[in-house]
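Notes follow once the structure below has been shown.
Here, each number is a calculation from the coordinates, and none is a lab measurement. None of these values were measured; they are calculated from a predicted model.
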Amino acid sequence: MSTYDSAETGYNTGASSADSSYTQHTGDNVSQSVTGQEAHQFDLTCCCFSIADIEYHLRIEYMVEIADFTKVTVLPLAPEYVLGLANLRGEVMPVIDLASMKSIKRPPRNPVAYRLIVADAGGERVAFLAEGMPRLSSESCGEEIDVISFVKNYKVRIG
């Protein structure tokens, strides 16, 4: 089995309810939290990110966290768009490369240049590969990812 590796830190958004909190973790273990009420004050509605120079967004209610790229175990018989499985704090989930779904080749990069956008679709977690640092925004950008339809249509469930 092949693996990719990096540290496990990022943004943890929890749920999108008014009592949830958004936490930014930095490499030096310093974090900054924003409560769900404060996020609504700023009208944050989506997470925008890109891969292979294509912009995407997903609605914030599906977001769980933004994490640094971590160890990914490659699955030899998985579709090309499934980069592999990641274990984030004991939870295993598929890592999806949206560029591969559009037959776009990404140039090889240092794993530190990537982030994982972790989303939840009715209890099923999936991580989308992103280049650079994604951003929480009040305006959508690029193509919308409907997380529930994605999990249903592409059958990326674990177990």
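Figures for the structure shown
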read-out	value
Cα gyration tensor category, rounded, prolate or oblate, for region 77-120 with a/c compared to 1.5	oblate
In Hz, Karplus ³J(HN,Hα) per residue of region 143-149 (6.51, -1.76, 1.60; θ = phi - 60°; x = Gly, Pro)	7, 7, 9, 8, 4, 5, 5
